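K.L.:
Before anything else, here's the structure in question.
The values are calculated or read from the model by the stated rules, or taken from the named source; none is laboratory data. Computed from a predicted model, the values in this text were never measured in an experiment. Cβ coordinates were reconstructed from backbone atoms using ideal geometry, including for glycine residues, and neighbour counts include every protein chain displayed. The area values use the complete protein model at the heavy-atom level, side chains included, leaving out ligands, DNA and RNA. Shrake-Rupley method; radii C 1.70, N 1.55, O 1.52, S 1.80 Å.
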Amino acid sequence: KGEVVLEVGCNRGAMVKRMQNCGVYAYGVDVNEEAIAYGITQNLQVMDATKLDFPDETFDKLYSLHTIEHIPDAHKALSEMKRVLKPGGRLVLTYPIEPGPLRGLFCLYHAVAVYKNPLLAKKIHIHSFNPRTIKELAEELGLSYVRSPFFAVPFYPQYLTVLEKKRV
């Protein structure tokens, strides 16, 4: 309560709204202009994760749920997330467990909806991450790796990785 939090990849803002209802100063960004236009709460903006239009060290916490696997320059996106996070702030990422040849497995429906072809799912999930690759990327950027528990909602195994911006 009272913290300033950012969701990267907020869609229409359902989680942002939940946070706001709990007394959090929550903001959300998404590249999907239509989703933001039909947003269900305030403080939503159209914005690219690789170019966050916020001052340095604005947010106490930041989360991005099933977004990082869609961003072509994930390194730049994490760098921007780190930049807008306050020292000691935490960053939470969730992403599907889709090792190597299975990349795109959990977005077949979207591939059909967007491209009319399930074989183009790898154009939607363009990265396949695991805790080791996220840890390496985070450490390269100067973020501390905290943990990556595995969790599964029915038929959708995923990781939740917690990173922390080092205090100066």
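K.L.:
Tell me which of these THR133 doesn't satisfy, since it passes every other one: (1) open to solvent by less than 50 Å² (accessible area, probe 1.4 Å); (2) in contact (Cβ under 8 Å) with a residue 12 or more places away in the chain.
P.N.:
Just one mismatch for THR133, condition (2).
K.L.:
Let me ask another. Mind listing whichever residues of the range 48-60 are touching an Asp or Glu at 6+ places or on another chain (Cβ under 6 Å) and of a type outside the set (Ser, Thr, Tyr)?
P.N.:
Initial filter on the range 48-60 (touching an Asp or Glu at 6+ places or on another chain (Cβ under 6 Å)): 50, 52, 60.
Selection gives LEU52, ASP60.
K.L.:
Please go through the range 1-15 and pick out each residue that is in contact with a Gly (Cβ under 7 Å, 6 or more places away or on another chain), surrounded by 14 or more Cβ atoms within 10 Å (Cβ to Cβ) and free of Cβ contacts under 8 Å to residues at least 40 places away in the same chain.
P.N.:
Selection gives CYS10, ARG12, GLY13.
K.L.:
Moving on. Can we say ASP30 is surrounded by fewer than 17 Cβ atoms within 10 Å (Cβ to Cβ) and modelled with pLDDT of 95 or more? It would help to see each step written out before you state the result.
P.N.:
Values: surrounded by fewer than 17 Cβ atoms within 10 Å (Cβ to Cβ): no; modelled with pLDDT of 95 or more: yes.
When the stated conditions are applied, ASP30 does not pass them.
K.L.:
Just a yes or no: is a residue in the range 155-164 open to solvent by 70 Å² or more (accessible area, probe 1.4 Å) and either touching an Asp or Glu at 6+ places or on another chain (Cβ under 8 Å) or part of a loop (DSSP other than H, G, I, E, B) (or both)? Steps first, answer last, please.
P.N.:
Filtering the range 155-164 down to residues open to solvent by 70 Å² or more (accessible area, probe 1.4 Å) leaves 155.
Pick out the ones that are also either touching an Asp or Glu at 6+ places or on another chain (Cβ under 8 Å) or part of a loop (DSSP other than H, G, I, E, B) (or both) and you get 155.
Yes, some residue in the range 155-164 is open to solvent by 70 Å² or more (accessible area, probe 1.4 Å) and either touching an Asp or Glu at 6+ places or on another chain (Cβ under 8 Å) or part of a loop (DSSP other than H, G, I, E, B) (or both).
K.L.:
Step by step: first the residues of the range 28-51, then only those that are touching a residue at least 24 places away in the same chain (Cβ under 8 Å) and under 13 Å from the mean Cα position of the chain (by Cα), then the one that is nearest to PRO96 (Cα to Cα). Which residue is that?
P.N.:
Going through the range 28-51, the residues touching a residue at least 24 places away in the same chain (Cβ under 8 Å) turn out to be 35-36, 38-41, 43-44, 49-51.
Filter once more, keeping what is under 13 Å from the mean Cα position of the chain (by Cα): 49-50.
Numbers: ALA49: 19, THR50: 21 Å.
Of everything passing the filter in the range 28-51, ALA49 is nearest to PRO96 (Cα to Cα).
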